[in-house]
1. Could you please give the count of residues in segment 105-115 that are more than 19 Å from residue 95 (Cβ to Cβ) and surrounded by fewer than 19 Cβ atoms within 10 Å (Cβ to Cβ)?
2. Search segment 111-130 for residues that are under 11 Å from residue 154 (Cβ atoms) and pair each with any residue that is open to solvent by less than 60 Å² (accessible area, probe 1.4 Å) and among the β-branched types (Val, Ile, Thr) when their beta-carbon atoms are under 6 Å apart and the residues are at least 6 apart or on different chains.
3. Taking segment 13-59 only, how many residues are free of Cβ contacts under 8 Å to residues at least 12 places away in the same chain, aliphatic (A, V, I, L, M) and open to solvent by 40 Å² or more (accessible area, probe 1.4 Å)?
4. Does segment 137-147 contain at least one residue that is hydroxyl-bearing (Ser, Thr, Tyr), crowded, with 20+ Cβ neighbours inside 10 Å and under 24 Å from residue 96 (Cβ atoms)?
5. Do we have any residue at all in segment 82-101 that's touching a Pro at 6+ places or on another chain (Cβ under 7 Å) and either modelled with pLDDT of 95 or more or open to solvent by 80 Å² or more (accessible area, probe 1.4 Å) (or both)?
6. Go through segment 121-157 and report how many residues are assigned to a helix (DSSP H, G or I) and closer than 15 Å to residue 88 by Cα.
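The values are calculated or read from the model by the stated rules, or taken from the named source; none is laboratory data. Owing to the predicted nature of the structure, the values given are computational and were not obtained by experimental measurement. Every residue, glycine as well, gets a Cβ built from its backbone with ideal geometry; the counts of neighbours run over all protein chains shown. Surface areas here come from the heavy atoms of the whole protein model, side chains and all, with no ligands, DNA or RNA. Shrake-Rupley method; radii C 1.70, N 1.55, O 1.52, S 1.80 Å.
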Amino acid sequence: MPIPRVRTTSLPGVGVQYDFTTREQRHLSVIAHRDGSRSLNLYRADDPDACAHSLHLSEGESAALVDALRPAQHSTALLHTTDLGLIAERIPLSGVSYWNGRLLGETRMRTATGASIVAVLRRTGAVPSPTPDFRLSGGDTLIVIGTREGVDAAAAILGRE
């Protein structure tokens, strides 16, 4: 089944509206408000320009709905899955982590899990391809690539307190 074409419309001062038509020819739209909330709109079947139902969701409710619509093996941290069985996932490093202030090489991540840390996201910006002498800091988000098992093992290691 083909993926529906999504039309994007900027709504100055409001956010962005995303419109598409389902295979049953129903018009749906989502308005992504600047405050992070979302409006989910379903239009009448007999008049695709007339909104039949509108549901306003908070940012948290929107995230919960996205998770519910995804297959169970997906999560909000999951970035991408390929046919090769590799995934990329965001793994946050807590402020009380054992690794806070330690060198990336000390994790022995690739040796222990087969997964690779390919970037570190910090408030100050992204650090692509961090070297083994890169010093980790609480609040970092590590981008880890590997098999599902490898990434899960990396998350367990990085979650150590």
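1. So the count comes out to 6.
2. Listed by first residue and then by second, the contacts come to 115/144; 115/151; 117/144.
3. Counting residues in segment 13-59 that are free of Cβ contacts under 8 Å to residues at least 12 places away in the same chain, aliphatic (A, V, I, L, M) and open to solvent by 40 Å² or more (accessible area, probe 1.4 Å) gives 1.
4. There is no residue in segment 137-147 that is hydroxyl-bearing (Ser, Thr, Tyr), crowded, with 20+ Cβ neighbours inside 10 Å and under 24 Å from residue 96 (Cβ atoms).
5. No, because not a single residue in segment 82-101 is touching a Pro at 6+ places or on another chain (Cβ under 7 Å) and either modelled with pLDDT of 95 or more or open to solvent by 80 Å² or more (accessible area, probe 1.4 Å) (or both).
6. Residues of segment 121-157 that are assigned to a helix (DSSP H, G or I), as a first pass: 148-157.
Okay, now just the ones that are also closer than 15 Å to residue 88 by Cα, so 148-155.
Number of matching residues: 8.
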